[in-house]
Amino acid sequence: MKKILGIIGKKLGMTQIFLEDGSIVAATVVEAGPCKVIQKKSEEKDGYNALQIGFRAKEARKVNKPLMGHYQKAGAEPFYHLKEFRLESVEGHEPGEDVTVALFKPGDTVDITGITKGRGFAGVIKRHGFHGFPASRGTHEYFRHGGSVSANSYPAHVFKGHRMPGQYGNRRITLQNVSVLDVKEDQNIILLKGGIPGAPNGWVLIRSATKTKKVAASSKK
């Protein structure tokens, strides 16, 4: 099977593992796949090359008839998650084939996309990192406020994008250049260095890194 750029997974939690040099690092455990190719899109027919894959089996009674027909066309059962991964070419791939965590190996760098933890309505200190006001010097009932939000006579309005209290978290973000520490193919498990977006049991997309870090070798001794 030709390399697919990504896979869908579920964040299980975090742990610690020892490296060969004896150091210990934090790692995130992700159950990645197995996924099933549901649809193949080509540049001639759809305007771009991509593979649509499904993850986490779903009961047939919870799927409407049009979507069930979409799955049956690929000879697959329904899934909770359907995501597309673009490719330069889709030749050699067909609906119904499996996508497993064997796509990656230790030492690879990947990009992780997920939904961050929702923290509800938050003030400017928690949401934007404001310092707040001094606890002395006459400050009264104004410790965690954001201060003035606009000018007086001109321009006499709040500029768009001004940092203010509001919804914090629960948004889709991508974390780039995450190192793959280990891959357990028999358990469909991939271990990623450090933390990744989302809460335990949240879905994530794992793609091959699009921007690799350039490490400049120092000539100084």
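The values are calculated or read from the model by the stated rules, or taken from the named source; none is laboratory data. All values reported here derive from a predicted model rather than from experimental measurement. So basically every Cβ, Gly included, is an ideal-geometry build from the backbone, and we count neighbours across all protein chains shown.
Data for the structure
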{"item": "Check on Gly13, over 24 Å from Gln187 (Cα atoms), among the small types (Gly, Ala, Ser) and in the same structural domain as Gly195 (by TED's automatic domain parsing)", "result": "no"}
{"item": "Meets criteria (out of contact with any Ser or Thr (no Cβ under 9 Å at 6 or more places or on another chain), over 28 Å from Leu191 (Cβ atoms) and of a type in the set (Ser, Thr, Tyr)) for Tyr71", "result": "yes"}
{"item": "Residue ID - surrounded by the most Cβ atoms within 10 Å (Cβ to Cβ), chosen from residues in region 6-24 that are more than 26 Å from Phe79 (Cβ to Cβ) and of a type in the set (Gly, Ala, Ser)", "result": "Ser23"}
{"item": "Every pair of residues 6+ apart whose Cβ atoms lie under 9 Å, when the first sits in region 19-46 and is free of Cβ contacts under 8 Å to residues at least 40 places away in the same chain and of a type outside the set (Ser, Thr, Tyr) while the second is part of a loop (DSSP other than H, G, I, E, B) and buried (at least 17 other Cβ atoms within 10 Å of the Cβ)", "result": "Glu43/Asn49; Glu43/Val90"}
{"item": "Odd one out for Val90, checked against (1) farther than 30 Å from Gly169 by Cβ; (2) among the hydrophobic types (A, V, I, L, M, F, W, C); (3) outside any loop (DSSP other than H, G, I, E, B)", "result": "(3)"}
{"item": "Residue check, Gly33 at pLDDT 95 or above and either within 26 Å of Ala199 (Cα to Cα) or among the acidic types (Asp, Glu) (or both)", "result": "no"}
{"item": "Region 59-82 residues that are closer than 18 Å to Lys10 by Cβ, paired with ones that are assigned to a loop (DSSP other than H, G, I, E, B) (beta carbon under 6 Å, 6 or more apart)", "result": "Pro78/Lys58; Pro78/Val63; Phe79/Lys58; Tyr80/Lys58"}
{"item": "Region 111-128 - residue that is assigned to a strand (DSSP E or B) and closer than 10 Å to Gly169 by Cβ and, of those, nearest to the chain's Cα centre (by Cα)", "result": "Ile115"}
{"item": "Residue pairs meeting the criteria (Cβ under 9 Å; at least 6 apart or on separate chains; first touching a residue at least 40 places away in the same chain (Cβ under 8 Å), in region 153-171; second loosely packed, with under 11 Cβ neighbours inside 10 Å and in a loop (DSSP other than H, G, I, E, B))", "result": "Gln167/Gly120; Tyr168/Gly120; Gly169/Gly120; Asn170/Gly120"}
{"item": "Residues within region 130-162 that are on the phi > 0 side of the Ramachandran plot and either surrounded by 10 or more Cβ atoms within 10 Å (Cβ to Cβ) or at pLDDT 95 or above (or both), tallied", "result": "1"}
{"item": "Some residue of region 129-150 being under 26 Å from Pro197 (Cβ atoms), outside any loop (DSSP other than H, G, I, E, B) and touching a helix residue (DSSP H, G or I) at 6+ places or on another chain (Cβ under 8 Å)", "result": "no"}
{"item": "Qualifying position, being more than 19 Å from the chain's Cα centre (by Cα) and of a type in the set (Lys, Arg), among Arg172, Arg207, Arg163", "result": "Arg163"}
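Quick grid of which residues meet (1) outside any helix (DSSP H, G or I); (2) in the same structural domain as Pro95 (by TED's automatic domain parsing); (3) closer than 18 Å to Gly202 by Cβ:
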position: Ala26; (1), (2), (3): yes, yes, yes
position: Glu31; (1), (2), (3): yes, yes, yes
position: Lys36; (1), (2), (3): yes, yes, no
position: Gly54; (1), (2), (3): yes, yes, yes
position: Arg61; (1), (2), (3): no, yes, no
position: Met68; (1), (2), (3): no, yes, no
